[in-house]
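See below for the structure under consideration.
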Amino acid sequence: MNKHLKNFLHRGLIFGGFGPIVVAIIALFVPPMSAKQMFTAIISTYLLAFLHAGASVFNQIEEWSMLKSLTCHFGLLYFAYVICYLVNTWIAFDVKTILIFTLIFAVIYFTVWITVVTTIKLTSRKLNSKLNVMNK
């Protein structure tokens with residue numbers, strides 16, 4: 001089995017269970033759900049968390065460019081969230097709503113991505129400067 005696929009499945013299995021935990025917490029604060037709604041929410045959020053955790057492997061495939069990694073990661077997460085939200089009727093199935101969701105998702109995704117990349121670069125620079133001082 002491909003090591004990246006194995007890592008994807010391993011991470012998904014480890015962290016997939018957090019999706020239903022989030023549903024349980026949210027269920028404490030929203031009006032009661034029917035059994036069917038609860039079942040759908042549990043299964044869909046498990047799958048969402050599974051895919052979300054597994055998708056982190058895209059950033060570790062050294063043969064891929066950053067653009068390819070970013071595109072695959074963004075695309076998988078976007079479609080997973082849209083499908084989850086539509087299946088659970090958390091957003092309406094109409095073009096305007098999906099476009100608004102897409103805009104919000106993209107803004108949040110790229111804000112987080114830029115923050116992470118910037119933090120990693122700053123941390124790398126600090127570590128490299130400390131290593132340079134130690135090697136002199």
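Of all complete DSSP H helices in the chain, those with a Cα span along the helix axis of 27 Å or greater and a mean Kyte-Doolittle hydropathy of -1.0 or more are 35-55, 66-87, 95-135. Our note on the geometry: Cα centres of region 24-49 and region 116-131, 40 Å apart. Can you count the Lys pairs in the chain with C-alpha separation below 21 Å, eight or more apart or on different chains? Summing the qualifying lysine pairs gives 5. Using a simple spin-label model with points 7 Å from Cα along the Cα→Cβ vector, what separation in nm is obtained for residue 108 and residue 128? Each label point lies 7 Å from its Cα, and together they span 3.3 nm.
Packing here is the average count of other Cβ atoms within 10 Å per residue, and on that basis the peptides 37-48, 88-99, highest first, run 37-48, 88-99. Structural descriptor for the chain: relative contact order 22 percent, calculated from alpha carbon pairs under 8 angstrom and at least 6 residues apart.
Just so you know, all these numbers are worked out from the coordinates, no wet-lab data involved. The structure displayed is predicted, hence computed values, not measured ones. All Cβ positions, glycine included, derive from the backbone under ideal geometry; neighbour counts span all protein chains shown.
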